[in-house]
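One structure below.
The values are calculated or read from the model by the stated rules, or taken from the named source; none is laboratory data. The structure presented is a predicted model; accordingly, all values stated were derived computationally and were not measured. Ideal geometry is used to build each Cβ from the backbone, glycine not excepted, and the neighbour counts take in all protein chains shown.
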Amino acid sequence: MTFRATVLTLYPEMFPGPLGVSLSGKALEAGTWALDVHNIRDHGSGAHRAVDDTPAGGGPGMVLKADVLAAAVDAALPPGDRRPRLLMSPRGRPLTQAAVRDLAGGDGALIVCGRFEGVDERVIEARGLEEVSIGDYVLSGGELAAMVLLDACVRLLPGVMGHAQSGAEESFEGGLLEYPHYTRPQIFEDRSIPDVLMSGHHGRIAQWRRDQAETLTRERRPDLIDKADKTVMKERKD
Ligand code: ADE
C-alpha cells in the first residue's frame, strides 16, 4: 500500500519543494509514496474567496474560517478514509521519532498547514484534527513543518534508505544521540581519527561508540537519558 500524503495549504506552490529531491524525491518518482496537494482557497467564501476573518472577541491577526477549512477537508478526503488527520501547529503535540515511525507504518496522512494567528477551534474538533508541533518556535505557516514531518516518514518507508542499518543506529532510535563519525584522511589539520576506530577491533569500536553516544547525550540532552533504551546502556557494563 502506497503511503499517501494529502496536504491542504494556502501555498500549494511550496510543494513538493525539498521533498521533490534526494531520497524523498526519488521515492516519490518511484511511487513509494504519493503527494496530493490541495489549495484551501478553492473553498474560500465570496467573490474574493476569503479564507480568514477577524478573531471573535478581538485581538491581533486573523483566523482561518471553520466552514472554509471543513469544506477543503471534506473535498480532499475520499469517503471512508481512515488516515490520521493532522494540523501542523506550534500548539500541537511535539513530533517524536516514535510518532514518525507509527505514521510511516500506516497508509499516510491528511496534513493541514495552518497560517494566520490560528484556526477556528470548531473545525479542529468537528474534523478530528490532531495538532502536531515540530518544536517550540513559531514558523510563519505549517508548510515547512509538514515537509519536516513527511521527510522524516518517507525515509522510513520500505526501500527508501539504501542501507537498512543506517536507520536503526542513528540519533533517537535507541533514544541516544549519535556517536561521532570520521572518514579519511587519517589526519585533518592536526586532528587524528581516534585510534580505536583504526584498530579493527569490532567489539571495542562498538563499546567506544556506545560510550560516546551516552556521554554526548548526557552533555547535550540530559532529558533523553531517562527515556533511553536501557538495553543499549546496560551493554556498556558487559
Ligand atoms: N506552524 C507554525 N509553527 C509551527 C511549529 N513549530 N510546528 C508545527 N507547525 C507550525
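Right, G142: among the small types (G, A, S), within 16 Å of the ligand (Cβ to nearest atom), over 29 Å from R218 (Cα atoms) and not assigned by TED's automatic domain parsing to the domain that holds T215 or not?
yes
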Practice task
Spot the failing condition for H38; the list is (1) exposed (fewer than 13 other Cβ atoms within 10 Å of the Cβ); (2) part of a strand (DSSP E or B); (3) over 16 Å from the mean Cα position of the chain (by Cα), and only one is missed.
Solution key: (1)
Problem - Conditions (1) more than 10 Å from the ligand (Cβ to nearest atom); (2) not in a strand (DSSP E or B); number of the one not met by R115 - result: (1)
Practice task
Scan (1) part of a loop (DSSP other than H, G, I, E, B); (2) crowded, with 17+ Cβ neighbours inside 10 Å for the single condition P60 breaks and write down its number.
Solution key: (2)
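Mind checking whether some residue in the stretch 64-72 is in contact with a Leu (Cβ under 9 Å, 6 or more places away or on another chain), among the basic types (K, R) and at pLDDT 95 or above?
Just the residues of the stretch 64-72 that are in contact with a Leu (Cβ under 9 Å, 6 or more places away or on another chain), to begin with: 64, 69, 72.
Now narrow it down to the ones that are among the basic types (K, R): none.
Within the stretch 64-72, not a single residue is in contact with a Leu (Cβ under 9 Å, 6 or more places away or on another chain), among the basic types (K, R) and at pLDDT 95 or above.
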Handout entry: Selection status of R91, of a type in the set (K, R), more than 18 Å from V7 (Cα to Cα) and within 10 Å of the ligand (Cβ to nearest atom)
Key = yes
Handout entry: the stretch 9-24, residues that are over 16 Å from the mean Cα position of the chain (by Cα) and surrounded by 13 or more Cβ atoms within 10 Å (Cβ to Cβ)
Key = T9, L10, Y11, P12, M14
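Can you say whether G141 is closer than 20 Å to V68 by Cβ and surrounded by fewer than 20 Cβ atoms within 10 Å (Cβ to Cβ), as far as the supplied structure shows? Working first, answer last.
Details: closer than 20 Å to V68 by Cβ: yes; surrounded by fewer than 20 Cβ atoms within 10 Å (Cβ to Cβ): yes.
Judged against the criteria, G141 is a match.
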Exercise for the section: For the stretch 68-89, state whether one or more residues are over 19 Å from D36 (Cα atoms) and either in a loop (DSSP other than H, G, I, E, B) or over 13 Å from the mean Cα position of the chain (by Cα) (or both). Expected result: no
